[in-house]
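Here the structure is laid out as structure tokens; the discussion comes afterwards.
What follows draws every value from the coordinates through simple rules; no lab data is involved. As the structure is a computational prediction, the values presented were derived from the model and not from experiment. Heads up, the Cβs are rebuilt from the backbone with ideal geometry, glycines too, and the neighbour counts pull from every protein chain shown.
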Amino acid sequence: MAAPPVTAFVRAFLRLLTVQACFNYERMIGVGLGYAIEPLLRALPGGRDGPGYREAMQRSTHYFNAHPYMVGLAAGAVARAEHDGVPGAQVERLRTALVGPLGAVGDRLIWAGTLPAASAVGLALSANTRAGIGAAALLALYNVPHLVLRVWGLVAGWRHGTALGRALAAPLLRGALTVVGPLAAGAVGFALPPVTARLVGPLDLAAWIAAAAGVGLAVVTLRFAAPRLGALRLALAAAATVALGAAL
Amino acid sequence: MSALTFAVLVTWGVITGIDLVSVLQSMVARPLVAATVAGALVGEPVTGVLVGMMLELYALEVLPVGGARYPDYGPAAVAATVAAAGGGPETLGVGVVVGLLVAEAGAWSIQVLRRWNTRRVRAAAVPLDAGDFRVIQRVQLAGIARDALRALLLTTTGLALAVAARRWWPVSPRAGVLLTAVLAGIGLGTAMLNGKRLAQGRRGLVWMSIGVAGGLGWLLLR
């Protein structure tokens, strides 16, 4: 087996950064995966004119969905399977089997962990430091693990191929999944007092009462009365009420 | 607002818009980042930070999983900062309302974009299934162009709304302060609920309480 050159991995990595560019309701990010994986398939026997490349490309844009940062694992594993001469039907099954786990792991690790934690630290710093520090902290705290995860995914996917389960069982990844939720909850809790002090602190007593009413309204509505309404729509409804009251 | 400032704001809005899903996802689309930069661009960094903080509390609610419907807070934060600029707490609420409206319009625009993408992918199904790389590349890169167009329209509409809101907002300065307070309260309540949800159950409550105690300590010691 002739492994793809390093430049092919760099190209695939850069293309993976746009993996959701053509997100659609039919193939989800299948086209993005096909676009990203192509440089890794050029080293198949016969090159771009060979039957291996042609057949692999025919499979490459079929339905696929996962967390975007975890797609590198699928790209690496599928490319490795194609290089190892795994039958096409088995490659298709591998793609299908990866959809659930890569989505679940990525969503929990990133959307419900790293992102809210970085956001909360950014909020806390914005409340207490010079303008820009909080935003810069959010970007730094988020993007270091983000980019590391993307690079690791592509390399680990290629290394493990069809035995990708081993990469998903890596102790560091399992450990991160365990701590990231509580860490994010703690970070959000940490941000609440300084953010409250910054946003409401300088206001008068009537505004404090209005803010407390807003907290109560959010908790009662979003926790008990209408959880599916969403904070955004609740806030718009409250704003419309205030504007109407002021106009009358 | 000068034409140059407008052009720079629109460019920034487009960058944040495509960052949300299509390109990189580095989180410059987060309202805290988008509004902080927009504030610096219009010469009001503190307003940008405050608008960004308010909208970030709401954005904590969003879990952008799979094909879910979620707001686009990047262009929204740019418009919100422009709407809030030049005032104090009495205009901050106006900015947040503009931001929330644009973010909601952004959620709708993402669905329109995905349906558009679906039609283009369906039209190219035969060459895609034949593994024609030139078509794969064209379909994929056209997706970025479509998203950039979406973000451009969203930002431009948002900025127009921001200017209109500043000119014709029917709320007195006093009511504006109360509006800011109510919206801050709803945002804080939302953040509380979502902080607890992140670790789930009693464990989440314990971790969040530890965090709150730490935040209070930091607040008292600073």
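General remarks:
- Trypsin sites (Lys or Arg not before Pro) within the stretch B:72-132, DSSP loop, no more than 13 other Cβ atoms inside 10 Å: none
- If R0 is 56 Å, the Cβ-Cβ spacing of B:TRP168 and A:ALA2 corresponds to a FRET efficiency of close to 0.25.
- Given 14 as the ceiling on other Cβ atoms within 10 Å, longest exposed-site-free region of chain A for trypsin sites (Lys or Arg not before Pro) in DSSP loops: A:1-129
- Site pair B:LEU220 and A:LEU173 shows an inter-label distance of 4.4 nm when each label is modelled 7 Å from Cα along Cα→Cβ.
- Inter-label distance for A:ALA240 and A:ARG54, nm, one decimal - labels placed 7 Å from Cα along Cα-to-Cβ: 5.9
- Evaluating 6.51 cos²θ - 1.76 cosθ + 1.60 at θ = phi - 60° for every residue in the stretch B:32-37, the Karplus couplings come out as 4, 6, 4, 6, 4, 5 Hz, glycine and proline recorded as x.
- Seen through its C-alpha gyration tensor, with square-root eigenvalues sorted a ≥ b ≥ c, chain B comes out oblate because a/c lies at 1.5 or above while a/b is not bigger than b/c.
- The stretch A:190-208 and the stretch B:151-222 have Cα centres spaced 11 Å apart.
- The long axis of helix A:88-106 is offset from the longest Cα principal axis of chain A by roughly 20 degrees.
- Folded to 0 to 90 degrees: helix A:6-16 orientation relative to chain A principal axis, Cα: 40
- Inter-centroid distance (Cα atoms) of the stretch A:116-138 relative to the stretch B:1-78, Å: 15
- With Cα atoms, 0 to 90° folded angle of helix A:71-83 axis to chain A main axis: 10
- Rounded to whole Hz, the Karplus (6.51, -1.76, 1.60) HN-Hα couplings of the stretch A:133-142, x for glycine and proline: 5, x, 5, 5, 5, 4, 4, 5, 5, 7
- Within-12-Å neighbourhood charge of B:ALA145 [Cβ basis; K, R +1; D, E -1]: +3
- For the stretch B:90-98, Karplus couplings with θ = phi - 60° (6.51, -1.76, 1.60), whole Hz, Gly/Pro x: 6, 9, 4, x, 4, x, 5, 4, 4
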